[in-house]
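The values are calculated or read from the model by the stated rules, or taken from the named source; none is laboratory data. Bear in mind that the values here come from a model prediction, so they are computed numbers and not experimental data. Positions of Cβ are backbone-derived with ideal geometry, glycine not excepted, and every protein chain shown enters the neighbour counts. Heads up: the accessible areas ignore ligands, DNA and RNA and are worked out on the full protein's heavy atoms, side chains in. Shrake-Rupley method; radii C 1.70, N 1.55, O 1.52, S 1.80 Å.
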Amino acid sequence: MCNLPVRVICRANAEYMSPSGKVPFIHVGNQVVSELGPIVQFVKAKGHSLSDGLDEVQKAEMKAYMELVNNMLLTAELYLQWCDDVTVEEITHPRYGSPYPWPLNRILSYQKQWEVRRKMKAIGWAGKTLEQVLEDVDQCCHALSQRLGTQPYFFNKHPTELDALVFGHLFTILTTQLITDELSEKVKNYSNLTAFCRRIEQQYFEGHDKDSSAIAARSSKRPLLR
Amino acid sequence: MGTVHARSLEPLPMAGPDFGALGEEAELVEVEPESKQEILENKDVVVQHVHFDGLGRTKDDIIMYEISDVFKAKNLIDVMRKSHEAREKLLRLGIFRQVDVLIDTCQGDDALPNGLDVTFEVTELRRLTGSYNTMVGNNEGSMVLGLKFPNLLGRAEKVTFQFSYGTKETSYGLSFFKPRPGNFERNFAVNVYKVTGQFPWSSLRETDRGISTEFNFPIWKTNHTLKWEGVWRELGCLARTASFSVREESGHSLKSSLSHAMVIDSRNSSILPKCGALLKINQELAGYVGGDVSFLKEDFEFQLNKQLLWDSVVSASFWGGMLVPIGDRPSSIADRFYLGGPTSVRGFSMYSIGPQSEGDYLGGEAYWAGGVHLYTPLPFRPGRGGFGDLFRTHFFLNAGNLCNLNYGDGPRAHLQRLAECIRWSYGAGIVLRLGNIARLELNYCFPMGVQAGDRICDGVQFGAGIRFL
């Protein structure tokens, strides 16, 4: 969105390569920066920023919405992948362990599952049922949908970090195959959100297909929005 | 040699079958001055019985093999020698704290006039021994707990467990060792372990959790080891400033490999030998029995020692190795060879020769290293006959090279690559021998042939270790 040249590389050990243990991370020259917040700071320090045009109130609002997305959508995604037994067994374990040979694939999946469940317990989500989680997702989408309204982006004309974050999560939810479609249905209930995702995809990703083979690989792995 | 008692020819009650545990201890009788004395030295004797005193949980069959030679002795000197050898073999099993040998004439109904009885008085080790130490080193303190179960099931099986709990890392190891009854050189061992290592020269941290089984057996004069090892390796960066090439290697991998090692060792000692030669060849093939790391690794070590005039020894050694990755995945930093440091090419910092990226040494897929040493006693020989004998002065010339080969080229191109950019060094120093296992060195080195990227340590360099070039 900032029009900076970027190459996306997929690695099985990306999680371990990252200095903080979380993806995504960028490698620029000699520096490695991980997670969205620090990446935004880093890019800003180099002189590019998407939220320059916002005033203080709007910036605070944007931060609040980003926190909402992180707390709700991200946690719901983790919950669904790691705490719902059916999904864990059929989708997550094979997918997480696929780069590794037996028995390492089982060991690493179980290790990650234990870690995520411990985190869920710490934030109080361990006791939630799937329905409650889907309810929370629904509420979050409702809030986002209301904020978006009929505008093309969250802060009217130009995309900001919030748009990038929301797109990332919603696109993943809409295009990842799970056991049931309940989660993506919740998002599809809000037509302006799906339109928003499609718009960003068309504008920023389909045009760049010829430039980056990695993005082409990515788009072949994930079906486009229907 | 232990104690050898020779008895007089007085009759005394002796009970017990051919061999087996005796319930009561045999009594000793003082040797009384006899009016007639027999010269026993070259008299033909027959060993009729061998008794064992003090066996508890040790099984009979394993003892049988070790002492079978005693029966073949023909005269008294032979009996003494064979008993001594049997005693050494029994001690080597590692199940007895003490072994004493008692030889006396045979008594009883079936006693021949030149019959002898040999009695071995043994004290078995306790079922469980433990040790507890604290260790401080490398900015880390740790508690080490060790447990040992010698002779677990009666046939010299040994189980050891070691657990180390440190401020930074925890590691443990459990191993089971079983020799073949009758042939201690043939044995097998199973180990389960978790070890962690920190390698600041590569900014790398490695945690290995693995299982290995190995078989050792001698063939003629060589000793062979066949080993299967399965290791779950976790690599990580030691610092945030690690280079990206090292960062790329982070993550998990599983190595399942078969290896074979052959050792021929005719030296008189493994530390500062005076004569003899050593040849060690090691092969490792990974990837065909599981795991995701696939390579063929060859490694050899050769050393030749010769004694010269005035107690000085000249020693030449040569090491080399090659790692060929199989398949299209590149080799992992944990499998590659490293060169440099006080234990290999002196004058360079630890493992700081060869391919590197931003100060982190990545290791190489092929290397060779050679050294020529002259060891002499300390000048003016202070402390001769005692402490001074542990020290030697040594003059050395070391050379070596470490690089990555392009496996598409032929052997001539490989040799050429290994022969260009040779690093070498010369110097002199003092060596201190620590028991029979380790040595300390303090050297003054002049590194030469330094390539861009190598880190040198010219001047005084200190080294401690077990295996030196």
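Considering (1) away from chain A (no Cβ under 14 Å); (2) closer than 14 Å to B:Asp335 by Cβ; (3) of a type outside the set (A, V, I, L, M, F, W, C), say which one B:Thr213 fails and leave the rest.
The failed condition is (2).
Just to check your reading of the model, which residue among B:Val159, B:Val118, B:Val144, B:Val136 is of a type in the set (A, V, I, L, M) and either at positive phi or more than 26 Å from the chain's Cα centre (by Cα) (or both)? Show your work before the answer.
Working: B:Val159 fails: either at positive phi or more than 26 Å from the chain's Cα centre (by Cα) (or both); B:Val144 fails: either at positive phi or more than 26 Å from the chain's Cα centre (by Cα) (or both); B:Val136 fails: either at positive phi or more than 26 Å from the chain's Cα centre (by Cα) (or both).
Within the list B:Val159, B:Val118, B:Val144, B:Val136, the selection yields B:Val118.
Can you tell me which residue among A:Tyr79, A:Tyr110 is among the aromatic types (Phe, Trp, Tyr), at pLDDT 85 or above and closer than 22 Å to A:Asn189 by Cβ?
Sole residue among the options that is among the aromatic types (Phe, Trp, Tyr), at pLDDT 85 or above and closer than 22 Å to A:Asn189 by Cβ: A:Tyr79.
Can you tell me which residues in region B:107-128 are farther than 20 Å from B:Ala73 by Cβ, part of a strand (DSSP E or B) and open to solvent by 40 Å² or more (accessible area, probe 1.4 Å)?
Scanning region B:107-128 gives a single hit, B:Thr123.
Select from region B:145-163 the residues that are modelled with pLDDT of 85 or more and touching a Gly at 6+ places or on another chain (Cβ under 9 Å) and list them in ascending order.
Correct list: B:Leu145, B:Gly146, B:Leu147, B:Lys148, B:Pro150, B:Lys158, B:Thr160, B:Phe161, B:Gln162, B:Phe163.
Any chance region B:96-106 includes a residue that's open to solvent by 60 Å² or more (accessible area, probe 1.4 Å), in contact with a Gly (Cβ under 7 Å, 6 or more places away or on another chain) and in a strand (DSSP E or B)?
From region B:96-106, those open to solvent by 60 Å² or more (accessible area, probe 1.4 Å) are B:97-98; that's our starting set.
Restricting the remaining residues to those that are in contact with a Gly (Cβ under 7 Å, 6 or more places away or on another chain) gives none.
No: zero hits.
One residue is enough: does region B:375-386 have a residue meeting the conditions open to solvent by 20 Å² or more (accessible area, probe 1.4 Å), within 14 Å of another protein chain (Cβ to nearest Cβ) and not basic (Lys, Arg)?
no
Just to be sure I understand, how many residues within region B:433-467 are assigned to a strand (DSSP E or B) and among the hydrophobic types (A, V, I, L, M, F, W, C)? Can you show your working first?
Our first condition is that a residue be assigned to a strand (DSSP E or B); within region B:433-467, this holds for B:433-434, B:438-448, B:456, B:459-465.
Going one step further and asking which of them are among the hydrophobic types (A, V, I, L, M, F, W, C), we end up with B:434, B:438, B:440, B:442, B:445-446, B:448, B:456, B:460, B:462, B:464.
So the answer is 11.
So, in region A:1-33, exactly how many residues are more than 9 Å from every other protein chain (Cβ to nearest Cβ) and of a type in the set (Phe, Trp, Tyr)?
1
Can B:Gly410 be described as farther than 22 Å from B:Trp310 by Cβ and in the same structural domain as B:Gly321 (by the TED database)?
yes
Name the one entry in A:Ser20, A:Ser51, A:Ser34 that is touching a helix residue (DSSP H, G or I) at 6+ places or on another chain (Cβ under 8 Å) and of a type in the set (Gly, Ala, Ser).
Among A:Ser20, A:Ser51, A:Ser34, only A:Ser51 is touching a helix residue (DSSP H, G or I) at 6+ places or on another chain (Cβ under 8 Å) and of a type in the set (Gly, Ala, Ser).
I'm trying to understand the selection: among the residues of region A:96-114, which are away from chain B (no Cβ under 14 Å) and surrounded by fewer than 17 Cβ atoms within 10 Å (Cβ to Cβ)?
If we filter region A:96-114 for residues that are away from chain B (no Cβ under 14 Å), which is where we start, we get A:113-114.
Listed by number, the list holds a single entry, A:Trp114.
In the list B:Phe391, B:Phe387, B:Phe380, which residue meets the criterion of being among the hydrophobic types (A, V, I, L, M, F, W, C), over 26 Å from the mean Cα position of the chain (by Cα) and in the same structural domain as B:Ala438 (by the TED database)?
Working: B:Phe391 fails: over 26 Å from the mean Cα position of the chain (by Cα); B:Phe387 fails: over 26 Å from the mean Cα position of the chain (by Cα).
Checking each option against the conditions leaves just B:Phe380.
Check A:Asn30 against each of (1) open to solvent by 70 Å² or more (accessible area, probe 1.4 Å); (2) modelled with pLDDT of 85 or more and name the one condition it does not meet.
If we test A:Asn30 against (1) open to solvent by 70 Å² or more (accessible area, probe 1.4 Å); (2) modelled with pLDDT of 85 or more, just (2) comes out false.
Hey, among the residues in region B:286-303 that are surrounded by fewer than 18 Cβ atoms within 10 Å (Cβ to Cβ) and touching a Phe, Trp or Tyr at 6+ places or on another chain (Cβ under 9 Å), which one's farthest from the other protein chains (Cβ to nearest Cβ)?
Here the residue is B:Phe302.
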